[in-house]
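Notes to accompany the following structure.
The values are calculated or read from the model by the stated rules, or taken from the named source; none is laboratory data. Since the model is a prediction, treat every value here as computed from it, not as a measurement. Heads up, the Cβs are rebuilt from the backbone with ideal geometry, glycines too, and the neighbour counts pull from every protein chain shown.
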Ligand code: FAD
Ligand code: DLZ
Ligand code: SF4
């Protein structure tokens, strides 16, 4: 806390710079012109944020520890940092309440903050000026390549959007992986070389981990007491919580995993959580790493001959393409996007997502990995956990709440379009042209889960039939009216057309029994 001697003129009243838990960058917009001598930085751990979904304890621990470390780093730079802990008895437990209290405490002349990652927080921010009685400036979050207005302009007039075209524009605009206006290697996308199943014998990258320091230990104790009952284990917390360690994580990924990232991007293997993924999303989303520096590091690895183009292009596309694209859609379509449910899915999310028992080995493995790490990689989220939610017709709102709660990297701007758009097709095909519905065959091709499962992935109906199989056909039958006319699903519907009436009836009946028993 700062102390002022005597009454202050407005000119000398400090500016209050409020930094959210996912804005932990020295160059965040709200800090750009900050003066250590006069300005006050505010960070606050608040109950509204810890409780709006039942977050995985590791997610809360990660953010609190990263926030506390960031506060220390800013103090070391000479800033006065007002840090409100969750257990501070005066804590009002809301952003609005803490900003208001801090304005009074410091007699601040104005509040400066950065555009948040969630609509509900923006909505809240819009009431701060009136509540605090001082001007509140909300600055654009320019950590992203594509400003929200730029995305709006790009999307304007398009009935359906396509990530691939957005991505090409972003490549042109940023110059990433471009040579004299042309894509490096003569192609925009090298996915045809990617997505191979994992060979039986392959050298996997070593783990990267950070030993908890005193600040993290304190946070772990607080989180264990307050949030120990939430789904998720706190054991073995080893994530980076500082920019310095996040940069080490980036360097580790570039040298050990990036070269094979493209080849095995879609592969899954029991007992191997990480494979060739970066695990950088929590750091990118919380501000410990910048998207520009991560993409630049990957491009440098390619230019230096340390990683092949299919890997580097594939990796950069995830960040420059998908990450920016989903954010653009979120801010374009909210708040209605959160209500979308085109396929009229009404089933409550089954308990197995929260750790309930299941004989489906793929689901059990992916839920367990999520419980242990607060992380699962893209194909586990999309083609196992998401695919199942799609096939059973789980309610989009409940599915979205689950994803928002259980992953270390989850904030609504990135989670919601992935769930409603990519996984559940709840947005009617605005984000992606068709649902990623798949039978057990896909999971069998990309993983070894089926070899350890009590179901038979090759069987469609009967006692041992893999549930993904009959649920898949049942999904297609159920949604024939809505999806049958979709050009990109014509082959699938053609094969459904060849299914005889008896098999159709058997599939529907087994799916019905299975769903009733869920
Ligand atoms: P890598 O495989 O190493 O990929 C590199 C980076 O690309 C990631 O760090 C991430 O920043 C970015 N990226 C990749 N795919 C996407 C995508 N579809 N959308 C946005 N960014 C992407 N990602 C989140 O950051 N937060 C979420 O809440 C989130 N929820 C998801 C929910 C569902 C249903 C699905 C299918 C995907 C979700 N993703 C989310 C995207 C993706 O699964 C994660 O970004 C990725 O698994 C993070 O692990 P990684 O850093 O090892 O990724
Ligand atoms: C996710 C989260 C949690 C659990 N707790 C806090 C907190 O106590 N204080 C804070 O500033 N931010 C927290 N966050 C991140 C916010 O929820 C996030 O900044 C908003 O959702 C906007 O993206
Ligand atoms: Fe999953 Fe079916 Fe394979 Fe079992 S057989 S692991 S349920 S896809």
Inset, instruction - Find the residue count for segment 71-94, including only residues that are part of a helix (DSSP H, G or I) and without any contact (Cβ under 8 Å) to a residue 60 or more places away in the chain. - result: 4
Legend entry - Scan of segment 54-85 for residues that are surrounded by fewer than 18 Cβ atoms within 10 Å (Cβ to Cβ) and closer than 22 Å to residue 412 by Cβ, ordered by number: none
Inset, instruction - State whether the residues of segment 498-508 include one that is under 20 Å from residue 350 (Cα atoms), in a helix (DSSP H, G or I) and out of contact with any strand residue (DSSP E or B) (no Cβ under 6 Å at 6 or more places or on another chain). - result: yes
Inset, instruction - Could you tell me whether residue 281 is within 16 Å of ligand 2 (Cβ to nearest atom) and at pLDDT 95 or above? - result: yes
Legend entry - Some residue of segment 259-275 being out of contact with any helix residue (DSSP H, G or I) (no Cβ under 6 Å at 6 or more places or on another chain), buried (at least 20 other Cβ atoms within 10 Å of the Cβ) and part of a helix (DSSP H, G or I): yes
Inset, instruction - Might you check whether a residue that is modelled with pLDDT of 95 or more, surrounded by fewer than 22 Cβ atoms within 10 Å (Cβ to Cβ) and part of a strand (DSSP E or B) occurs anywhere in segment 305-325? - result: no
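The rows are residues; the columns are (1) away from ligand 2 (no atom under 16 Å from the Cβ); (2) at pLDDT 95 or above; (3) in contact with a helix residue (DSSP H, G or I) (Cβ under 6 Å, 6 or more places away or on another chain); (4) under 29 Å from residue 325 (Cα atoms).
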{"site": "380", "(1), (2), (3), (4)": "yes, yes, yes, yes"}
{"site": "393", "(1), (2), (3), (4)": "yes, yes, no, yes"}
{"site": "417", "(1), (2), (3), (4)": "no, yes, yes, yes"}
{"site": "459", "(1), (2), (3), (4)": "yes, yes, no, no"}
{"site": "468", "(1), (2), (3), (4)": "yes, yes, yes, no"}
{"site": "471", "(1), (2), (3), (4)": "yes, yes, yes, no"}
Legend entry - Failed condition for residue 380, given (1) within 13 Å of ligand 3 (Cβ to nearest atom); (2) outside any helix (DSSP H, G or I); (3) touching a residue at least 40 places away in the same chain (Cβ under 8 Å): (2)
Inset, instruction - Output the residues belonging to segment 438-452 that are surrounded by 23 or more Cβ atoms within 10 Å (Cβ to Cβ) and in a loop (DSSP other than H, G, I, E, B). - result: 447
Inset, instruction - Within segment 326-350, count every residue that is touching a residue at least 60 places away in the same chain (Cβ under 8 Å), in a loop (DSSP other than H, G, I, E, B) and either more than 15 Å from ligand 1 (Cβ to nearest atom) or out of contact with any strand residue (DSSP E or B) (no Cβ under 7 Å at 6 or more places or on another chain) (or both). - result: 7
Inset, instruction - Just give me the residues in segment 351-374 being in contact with a helix residue (DSSP H, G or I) (Cβ under 7 Å, 6 or more places away or on another chain) and either in a loop (DSSP other than H, G, I, E, B) or within 13 Å of ligand 3 (Cβ to nearest atom) (or both), in sequence order. - result: 352, 355, 358, 360, 361, 362, 363, 365, 366, 367, 374
Legend entry - So residue 406, is it touching a residue at least 24 places away in the same chain (Cβ under 8 Å) and within 16 Å of ligand 2 (Cβ to nearest atom): yes
Inset, instruction - Answer yes or no: is there a residue in segment 392-410 that is within 16 Å of ligand 3 (Cβ to nearest atom) and within 15 Å of residue 348 (Cβ to Cβ). - result: yes
Inset, instruction - Look at residue 79 and say whether it is farther than 21 Å from residue 405 by Cα and either within 22 Å of the chain's Cα centre (by Cα) or within 11 Å of ligand 2 (Cβ to nearest atom) (or both). - result: no
Inset, instruction - Check residue 253 against each of (1) surrounded by fewer than 23 Cβ atoms within 10 Å (Cβ to Cβ); (2) assigned to a helix (DSSP H, G or I) and name the one condition it does not meet. - result: (1)
Legend entry - Residue within segment 415-436 that is within 10 Å of ligand 1 (Cβ to nearest atom), closer than 17 Å to residue 350 by Cβ, touching a residue at least 40 places away in the same chain (Cβ under 8 Å) and not in a loop (DSSP other than H, G, I, E, B) present: yes
